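Values in this text are rule-based calculations from the coordinates and carry no lab data. Every value quoted in this text rests on a predicted model; they were computed, and no experiment measured them. Cβ: placed from backbone, ideal geometry, glycine included. Neighbour counts: every protein chain shown.
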């Protein structure tokens, strides 16, 4: 396994017929392992599996959040070695942004609701860094998780609108035994907070299994379940949206997504579940 820290060193990828990219911000966990394993299934002769590890500062609108984001480099290296990663691309901020960027990549629709409405500028930062990674690494495949469903949707649109010849591979959310979606931010939770956070998936499951079709009624059901732990969990949003365009739905008459964002102590968690329409 080779660790690359500079853009110049990426020239080694020119020898690869096919490149698979798993973009991450490090603090790798079992959810990331699943992404890497999915990338590994695409490996044949002359296929290079690349994991990028870069905490992108321009997608954080809270300096404290950026500062406390977990960093576990030794453990990250170990997981990548275990899963047969060929290259880790781990640039510095000065390598990715030698000066303050004057050009950003902005998505104007899918990024506006859900987390986008709560974190102004976040998806501009995501789109900009992913565009840079795509331009630098030139992957044929890029692997993303469904836990960040809005991000996945935005990246799919970015690939379409900017004519990238890249196949986006989507991987199902990986969960703890109690149903909590695995996330790097879980490291910031206390043992008690982790236990209480199981109610998030409990709410989503109930929403997905409900026989009701009026979104407001299903949202009220989810809220009532989350409120079982109201001393610990504070709702940021709970919404039902069209899975294609992420617009809010009043009636579930097409494939939908139930999405939740909460604050558990000082930690913000997101999760979602697909609701099929038959």
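Shape analysis of region 184-270 yields a ratio of the Cα radius of gyration to the Kirkwood radius, Rg/Rh, of 1.00. Normalised by 2.2 N^0.38 Å, where N is the number of residues, the C-alpha radius of gyration of region 2-171 stands at 0.99.
In terms of surrounding Cβ atoms within a 10 Å radius of their Cβ, 207, 1, 90 rank from fewest to most as 1, 90, 207. Out of every Cα pair in region 101-168, what percent are spaced more than 16 Å from each other? Distances greater than 16 Å cover 43 percent of the Cα pairs.
For region 125-278, taking Cα atoms only, Rg and Dmax work out to 16.7, 48 Å respectively.
In the chain, the calculated helix contribution to ellipticity at 222 nm averages -10000 deg cm²/dmol per residue, counting -39,500 (n - 2.57) for every DSSP H run with n ≥ 4. Taking label positions 7 Å along the Cα-Cβ direction at both residue 109 and residue 1, the computed distance is 4.0 nm, reported to one decimal. Counting beta carbons within 10 Å around each of 214, 143 and listing the fewest first gives the order 214, 143. As a rough footprinting exposure proxy, the listed residues 16, 211, 11 were ranked by other beta carbons within 10 Å of their own, and the order from fewest upward is 211, 11, 16. Between residue 92 and residue 211, the simple label model (points 7 Å from Cα in the Cβ direction) yields a spacing of 6.3 nm.
Stretched out straight at 0.36 nm per residue, the stretch from residue 44 to residue 73 would grow longer than its current Cα-Cα span by 7.7 nm. Across region 49-107 the C-alpha pair distances fall into 10 Å bins from zero in the proportions 18, 41, 32, 9 percent.
With R₀ set to 45 Å, the beta-carbon distance separating residue 100 from residue 37 gives a calculated FRET efficiency near 0.75. Post the alpha-carbon centroid distance, region 1-80 to region 123-168, in whole angstrom. One Cα centre to the other: 14 Å.
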